[in-house]
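K.L.:
Quick one: the structure is below, questions incoming.
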Amino acid sequence: MDPESAPRIPRHIAIVMDGNGRWAERRRRPRSFGHREGQKAVRAAVEFCLRRGVEALTLFAFSSENWNRPQSEVGALMQLFLKALDREVDELHENGVRIAFVGDLSAFQPELRERMQNAMTKTGANAKLKLNIAVNYGGRWDIADAARRAALEVAAGRLRAEDITEQSLAPFFCLADLPAVDLFIRTGGEQRISNFLLWQVAYAELYFTEALWPDVDADVLAGALAEFARRERRYGLTSAQIKAAS
Ligand code: FPP
C-alpha cells in the first residue's frame, strides 16, 4: 500500500470494557457469565492490536469502585482473573506481548498478586504489544499517587517543589513509559470516562459505541480505528496550522 494512503493507526488504545452485565441479563444469565464471555472480546482485542501494529492497549478490568459490587460478582471476577492468568500468559508471551497490571495491587489476595507479578516478570522483555490491565485503578488515585511520590522526592531533597511542572510530574504516573493514549474507546453505550485514565487521555480521541463488550470483535474495533483515522488532531492548534505542518 502507498504509505501516503496508509490509515493512521493509534499508538496507544485504552478501552472501558462496559456492558458484560447487561449482555448476560439479556440472556437471563448471571452477570458473571457476561464477564466470562467478555474474556473472548479481550482476546479479540489483543489479536486485533497485534495484527494492526498498535503499540499499547490498556484495558479497564476492575475499577477502585468495583469492590462495592455484590460480593459474589467481585469473587467471580477474581476467579476469572486467576484462571485467565493461568490460561493466557504463555500464549501472550509467545506472541511477544508484555503484560503489566496497573493500579493499587496491594488490595488483592496474595495468590492473585503473586500471579500478576509472575506474568509481569515473565513477559517484561516483550515489546510487540504492551498490554496493560488496569485493576483496582482510578484516575484520581493515579494523580494522588503521582503527587505523593513527587512529594516524597521533594522531602528527600531530590526534587525542588518549584521545579514541579507537567514534564517533571509525568514520570510519576502509571503508563509513563508509553505514548499518551491516542484513542479512548468505551463500549456499552455510556459516554463517560468513569475515573479511568485522566492525565493520560488529555488529547485522546474519544469513541463511544453501543456494542456491549462481549459483542466486540475485530469489526467493531476496525470501525473505531476508521473513525480515528478520519479525525483531525489539533492539539490546540488551528486546522490551517496542522495542514501546513503535514
Ligand atoms: C464492565 O461491565 C466490566 C467489568 C467490571 C469487568 C471487565 C472484565 C472482563 C472483560 C473480564 C476479563 C478481563 C480480563 C482482563 C481477563 P459491567 O459489568 O459494568 O456491565 P453493565 O454495565 O452491563 O452492568
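K.L.:
Calculate the FRET efficiency for residue 118 and residue 29 from the Cβ-Cβ distance with a Förster distance of 35 Å, rounded to the nearest 0.05.
P.N.:
Taking R0 as 35 Å, the efficiency between residue 118 and residue 29 is 0.65.
K.L.:
Take each uninterrupted DSSP H stretch in the chain, measure its Cα extent along the helix axis, and return the ones at 30 Å or beyond whose mean Kyte-Doolittle hydropathy is at least -1.0.
P.N.:
Those that pass (Cα extent of 30 Å or more, hydropathy at least -1.0) are 31-52, 71-94.
K.L.:
Right, here's the next one. Rounded to the nearest 10 Å², what accessible area does residue 83 have for a 1.4 Å probe in the complete protein model?
P.N.:
For residue 83, the solvent-accessible surface is approximately 130 Å².
K.L.:
Using only C-alpha positions, report the orientation-averaged shadow area of the convex hull of the chain, nm², one decimal.
P.N.:
So the Cα hull casts an average projection of 15.7 nm².
K.L.:
Can you pull the accessible area of residue 133 for me, 1.4 Å probe, Å² to the nearest 10?
P.N.:
40
K.L.:
In what order, largest first, do 35, 93 sit by accessible area if the probe radius is 1.4 Å?
P.N.:
Greatest to least solvent exposure: 93, 35.
K.L.:
Let me have the 222 nm mean residue ellipticity of the chain computed from DSSP H runs of 4+ only, each contributing -39500 (n - 2.57), with the sum over all residues rounded to the nearest 500.
P.N.:
That calculation yields -14000 deg cm²/dmol at 222 nm.
K.L.:
Another question, if that's okay. Taking all protein chains in place and a 1.4 Å probe, what share, in percent, of the accessible surface of the chain do carbon and sulfur account for?
P.N.:
Of the solvent-accessible surface of the chain, carbon and sulfur hold 51 percent.
K.L.:
Report D for the stretch 70-187 in µm² per second (integer): Stokes-Einstein, Kirkwood Rh on Cα pairs, 10 °C, 1.306 mPa s.
P.N.:
97
K.L.:
So for the chain, if I pair up every lysine 8 or more residues apart or on another chain, how many of those pairs have alpha-carbons under 28 Å apart?
P.N.:
The number of close lysine pairs in the chain is 8.
K.L.:
Given a Förster radius of 22 Å and the C-beta distance between residue 154 and residue 11 as r, what FRET efficiency does 1/(1 + (r/R0)^6) yield to the nearest 0.05?
P.N.:
For R0 = 22 Å, the calculated efficiency reads 0.10.
K.L.:
Counting other C-beta atoms within 10 Å, and keeping those with at most 11, which DSSP coil GluC sites (Glu not before Pro) do you find in the stretch 193-236?
P.N.:
Loop-located and lightly packed - 210, 232.
K.L.:
Next question, about the same structure. Per residue, how large is the accessible surface of the chain? Use a 1.4 angstrom probe and give square angstrom.
P.N.:
Dividing the accessible area of the chain by its residue count gives 54 Å².
K.L.:
Moving on. Pop the C-beta distance of residue 83 and residue 218 into the FRET formula with R0 = 30 Å and round what comes out to the nearest 0.05.
P.N.:
The formula returns an efficiency of 0.80 here.
K.L.:
Moving on to the next point. Taking K and R as +1 and D and E as -1, what net charge do the other residues with C-beta under 9 Å from the C-beta of residue 89 add up to?
P.N.:
Overall, the nearby charge balance is -1.
The values are calculated or read from the model by the stated rules, or taken from the named source; none is laboratory data. Since this is a predicted model, take the numbers as computed values, not measurements. Note that each Cβ is placed from the backbone with ideal geometry, even for glycine, and that neighbours are counted across all protein chains shown. These accessible areas exclude ligands, DNA and RNA; they are computed on the full protein's heavy atoms, side chains included. Shrake-Rupley method; radii C 1.70, N 1.55, O 1.52, S 1.80 Å.
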